[in-house]
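Below: one structure, written as C-alpha cells.
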Amino acid sequence: MRANNEDAKAYTEYIGKLRVISDATRTEHDKIINWIDGHKFKDGSTGSSIAFVLPTRACKYARASHGGCSFCTLPTDNPWSPSDELLAALADRCVEIFRRKKEEFPDLAAAKFYTSGSFLDPWELPLDARADILEKFDQLVKEIVIETRCEYVTRKQLGHAKDHINPDKVIVAIGQESTNDEINERANNKGHSLKQFTRAVGLLQEYGFGVKGYILLKPIFVSEQMALFDAINTARDMIDLGVGSISVNPCYIGKGTLMEKLFKERAYTPPWLWSVLDVTRKIKELGGEDLIVISDPVAAGQDRGPRNCGKCDKRFREVLKEFSSTQEYELLKTLECDCRVSYDAIVRMEHLAFGNGVSSVSKH
C-alpha cells in the first residue's frame, strides 16, 4: 500500500492537476455521439446495438480535486454545465436517433447509454431524465446497458430504476478494472475496492439486474506479464461473483491523464494485441458459453493504443470485434503472426529486468 497519507494526497492531487490542465480546453456542447455495433444478447441471439454518449455533467469522481482515475479521459468530452432543458430532452432525442437507425439496421434491439460517468448518479443525470430514458427504451429494445460506479448502486437508485423498466432487460456495467486493491489504489486511483464491488454485484442481483464487469488491461506501473495475471485473476473473481458479462478494456493513451504523461516520457506503453488476445481467450475458457466476453480495443493498431508489429494489427482488430459480436471462440484461434516470438521475448525480458511493478500479488 502507499507509504503514508502525505504520499497518497500528493499522488491524487497530481492526477487532478493534469486533468485541470486538460479541462482548460473544454467547450460546452449538446452532441449525442452514437454508433452501431454487433451485439450478443443474453438469450444467445445476435443483432445490432446502438451506443449513445450522453452530454451529461460527466463523472463526479473525475471532477473532484483528486482528478479521478489515472487513465480516464472520457469526462473531458462532456459539457461542464448542461442546462436542465438539455438533460430533459435527452430521451426524446435518443428515441429519434434510434428510430432513424432502426430503418437502416432492422435487427437493432439493444441500446447502451454512456455518460462518461455514472448513469445511476442523480447529480449527473437527474432522476426525471433517467426515468424518461428507461421508460421510452423499455418499449423499444430487449436489452439496455448502462454504466455506473459502485457507490451509486444503492437500494434507492435501483428501486427508482426498477420502477421505470423491467430489470431483466438491464445490464449494469461497473468499471472495477481490477480486483487487486493494491493495483486499483496505487495505479488506477480508482476509489473503490473489491469489497465495494462485491456489495454492488450482490445488490444488483438481488434487484434482478444483469451485471457486466470491466477489466482494465495493463494499468500504469504494472508490467505486461503482471497485467496478464491480474486481468485473468480479476475475471476469475468476477465469474465467482456471478457476473454475466466481462469486457476486456486494453489501455489507450487519453489526453490530460497521468498515463499520457508517462507515455510521453517513454515510461509506459499500451499492451500488445497478443496480450489482449491471450486474456480474451483465457477468460472465455474460464467462463464458458454462459459468459459473454467483449474485447473491442479502442485505438487498436495506433500509436496510442494496443498494437503488435503493424502487419497483423488490422486482422487482430477485426477478429476481436467479430468475436465480441458472435462469441465464436474458434475465431480467436485464427490469429497468427511472426511477431509472437518478439512478444514472448520482450515480456520475459521486461519481467526479469523490472519485476511485476506495483504489485507482486498473484492470487491464483
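The values are calculated or read from the model by the stated rules, or taken from the named source; none is laboratory data. Since we're looking at a predicted model, the values are computed, not measured. Here the Cβ positions follow ideal geometry from the backbone for every residue, glycine too, while neighbour counts run over all protein chains shown.
Quick look at the values:
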{"item": "Pair list, Cβ < 8 Å and 6+ apart or interchain, from the range 284-305 residues that are at positive phi to residues that are basic (Lys, Arg) and crowded, with 17+ Cβ neighbours inside 10 Å", "result": "Gly301/Arg307; Gly301/Arg317"}
{"item": "Which listed residue is modelled with pLDDT of 95 or more and under 25 Å from Lys112 (Cβ atoms), from Leu335, Leu286", "result": "Leu286"}
{"item": "Where Ile246 falls short, out of the listed (1) modelled with pLDDT under 95; (2) hydrophobic (A, V, I, L, M, F, W, C); (3) within 16 Å of the chain's Cα centre (by Cα)", "result": "(1)"}
{"item": "Verdict on Gly310 being over 22 Å from Asp230 (Cα atoms), outside any helix (DSSP H, G or I) and not basic (Lys, Arg)", "result": "yes"}
{"item": "Members of the range 191-210 that are modelled with pLDDT of 95 or more and part of a loop (DSSP other than H, G, I, E, B)", "result": "Ser193, Gly208, Phe209"}
{"item": "Residue among Asp163, Asp128, Asp168, Asp181 that alone is without any contact (Cβ under 8 Å) to a residue 24 or more places away in the chain, among the acidic types (Asp, Glu) and on the phi < 0 side of the Ramachandran plot", "result": "Asp181"}
{"item": "Considering residues of the range 306-361 that are at positive phi and of a type in the set (Gly, Ala, Ser) only, the residue surrounded by the fewest Cβ atoms within 10 Å (Cβ to Cβ)", "result": "Gly310"}
{"item": "Unmet requirement for Lys261, which otherwise passes all of (1) within 18 Å of Val347 (Cα to Cα); (2) at pLDDT below 95", "result": "(1)"}
{"item": "Of residues in the range 64-83 being in a helix (DSSP H, G or I) and out of contact with any helix residue (DSSP H, G or I) (no Cβ under 6 Å at 6 or more places or on another chain), the one surrounded by the fewest Cβ atoms within 10 Å (Cβ to Cβ)", "result": "Asp77"}
{"item": "Any chance Arg93 is farther than 16 Å from Val172 by Cα, of a type outside the set (Asp, Glu) and surrounded by fewer than 17 Cβ atoms within 10 Å (Cβ to Cβ)", "result": "yes"}
